[in-house]
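Notes follow once the structure below has been shown.
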Amino acid sequence: MSAVKPKPWLNHLRGRDLLSLGDVSPEEVEGLLDLAEGLKNGAAKGGTSAPLAGKILAMIFDKPSTRTRVSFEAGMSQLGGHALSLNRNELQLGRGETLADTARTLSRYVDGILIRTHSHATVVELARYATVPVINGLTDRFHPCQALADLLTLREKKGRLAGLRVAYVGDGNNVLHSLLYAAAVTGMHLMVATPPGYEPDPEVVAEAESMARSTGAELRFFHDPEAAVRGADAVYTDVWASMGQEEEKERRIRDFQGFQVDSKLMSCAKGDALFLHCLPAYRGLEVSEAVIDGPRSVVFDQAENRLHAQKALLWTLLG
Ligand code: CP
Ligand code: NVA
């Protein structure tokens, strides 16, 4: 075993679900990031251990995925375990078997279940009936694994999270919802600019604001991208039309005019501001090619950090 291992206060996360970052305390988030950093550095030095030897993760995908699928599968293998990638149509779930029966059956075979699906209620129901940990690999409402990787990236590049000023420009979607919790739980300031009508869910905002009270995170909301980006240490955007919103794409392209993160908008941020995007990205829509492929972009570090952050999560929940 390498010296890298979960801090003792992460022990009580063992066996728990990760449905939203709203479920995780500031100490737990810090512990997960420390473990992820240790795993990343340990891997770079060739150090390996197999804390999940013999463990199996079932992964159910109701939507496409590159990063989530491959990073979870690679992460399980690197920790000595194994992952099974399943899609609904290959399961009896696709023929009408209930989610509850699927959850109870899978729990007899595997040690954890990852699910990417449409409605957040589906993940909540799966978790209710599963007797093994359930991890949310993205719903229409949240993307907590992405937010953990975003925190890891920002901490690695800027040396801290508390007090950092991050701007999010774009749609008030799942990625923003999880970023709001991530900021609230770490004391990071998040300045959000969305077009009118595309604001984040008020319930999520209220919960994030209540979490922010104890960490000092400032959460502010604008309709003017420049106002949000002014003085930012990092600028984050995501697609204008998420998975499942393909039919709204043309209308959204019209409604999001002026919200592209381009060099002019980046010039409102600090001189050393980073550019983040969860990917996949659409150059020429939410971000210009010059920005995403430019020197301030850390999008592939962010993608890599999915692997390290999720390995820390898997070890903690399933170990
Ligand atoms: N960022 C992210 O979740 O990517 P995938 O859709 O490729 O998994
Ligand atoms: N908001 C995007 C994120 C993709 C990782 C979507 O839900 O499609």
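The values are calculated or read from the model by the stated rules, or taken from the named source; none is laboratory data. The structure displayed is predicted, hence computed values, not measured ones. Glycine also receives a Cβ, built like all others from the backbone with ideal geometry; neighbour counts cover every protein chain displayed. To get the accessible areas, we keep the full protein, side chains included, count just its heavy atoms, and leave off ligands, DNA and RNA. Shrake-Rupley method; radii C 1.70, N 1.55, O 1.52, S 1.80 Å.
Being within 16 Å of ligand 2 (Cβ to nearest atom) and under 18 Å from residue 296 (Cα atoms) is true for just one of 238, 201, 233. Which residue is that?
Residue meeting the stated conditions: 238.
Can you report the number of residues in the stretch 3-23 which are touching a Lys or Arg at 6+ places or on another chain (Cβ under 9 Å) and farther than 22 Å from residue 56 by Cβ?
2
Any residue at all in the stretch 177-192 that is modelled with pLDDT of 95 or more, out of contact with any helix residue (DSSP H, G or I) (no Cβ under 8 Å at 6 or more places or on another chain) and of a type in the set (A, V, I, L, M, F, W, C)?
No - not one qualifying residue is present in the stretch 177-192.
Could you grab me the full set of residues in the stretch 163-172 that are crowded, with 24+ Cβ neighbours inside 10 Å and within 16 Å of ligand 2 (Cβ to nearest atom)?
168, 169, 170, 171
Give the number of residues within the stretch 276-312 that are more than 14 Å from ligand 2 (Cβ to nearest atom) and either β-branched (Val, Ile, Thr) or free of Cβ contacts under 8 Å to residues at least 40 places away in the same chain (or both).
Residues that pass the stated criteria total 15.
Considering only residues of the stretch 64-94 that are away from ligand 1 (no atom under 15 Å from the Cβ) and among the charged types (D, E, K, R), which is farthest from residue 136 (Cα to Cα)?
Selected residue: 90.
Can we say residue 160 is open to solvent by 10 Å² or more (accessible area, probe 1.4 Å) and either closer than 15 Å to residue 207 by Cα or in contact with a strand residue (DSSP E or B) (Cβ under 7 Å, 6 or more places away or on another chain) (or both)?
no
Which one of these does residue 175 not meet: (1) assigned to a loop (DSSP other than H, G, I, E, B); (2) within 14 Å of ligand 1 (Cβ to nearest atom); (3) not basic (Lys, Arg)?
Residue 175 satisfies every listed condition except (1).
Condition first: more than 16 Å from ligand 1 (Cβ to nearest atom) and at negative phi. Can you find one or more residues in the stretch 235-245 that meet it?
Among the residues of the stretch 235-245, at least one is more than 16 Å from ligand 1 (Cβ to nearest atom) and at negative phi, which makes the answer yes.
Going by the conditions given, is residue 273 touching a strand residue (DSSP E or B) at 6+ places or on another chain (Cβ under 7 Å) and in contact (Cβ under 8 Å) with a residue 12 or more places away in the chain?
Criteria met by residue 273.
Taking the stretch 111-133 as the search range and keeping residues that are hydroxyl-bearing (Ser, Thr, Tyr) and surrounded by 13 or more Cβ atoms within 10 Å (Cβ to Cβ), which one is farthest from residue 56 (Cα to Cα)?
Filtering first and then ranking leaves 119.
With the requirement that a residue be in contact with a strand residue (DSSP E or B) (Cβ under 8 Å, 6 or more places away or on another chain) and either more than 10 Å from ligand 2 (Cβ to nearest atom) or assigned to a helix (DSSP H, G or I) (or both), what does the stretch 121-141 give you?
Once the filter is applied, which keeps residues that are in contact with a strand residue (DSSP E or B) (Cβ under 8 Å, 6 or more places away or on another chain) and either more than 10 Å from ligand 2 (Cβ to nearest atom) or assigned to a helix (DSSP H, G or I) (or both), the stretch 121-141 yields 122, 123, 126, 127, 130, 132, 133, 134, 135, 136.
Matching residues to (1) of a type in the set (Gly, Ala, Ser); (2) in contact (Cβ under 8 Å) with a residue 40 or more places away in the chain; (3) in contact with a Gly (Cβ under 7 Å, 6 or more places away or on another chain):
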| site | (1), (2), (3) |
| --- | --- |
| 184 | yes, no, no |
| 193 | yes, yes, no |
| 203 | no, no, no |
| 231 | yes, yes, no |
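Being open to solvent by less than 10 Å² (accessible area, probe 1.4 Å), farther than 16 Å from residue 228 by Cβ and more than 17 Å from the chain's Cα centre (by Cα) is the filter here; which residues of the stretch 188-212 pass it?
212
Inside the stretch 227-319, counting only helices (runs of 4 or more DSSP H) that do not spill past its ends, which hold 2 or more residues that are of a type in the set (S, T, N, Q), touching a Leu at 6+ places or on another chain (Cβ under 6 Å) and open to solvent by 60 Å² or more (accessible area, probe 1.4 Å)?
By residue number, no helices (runs of 4 or more DSSP H) qualify.
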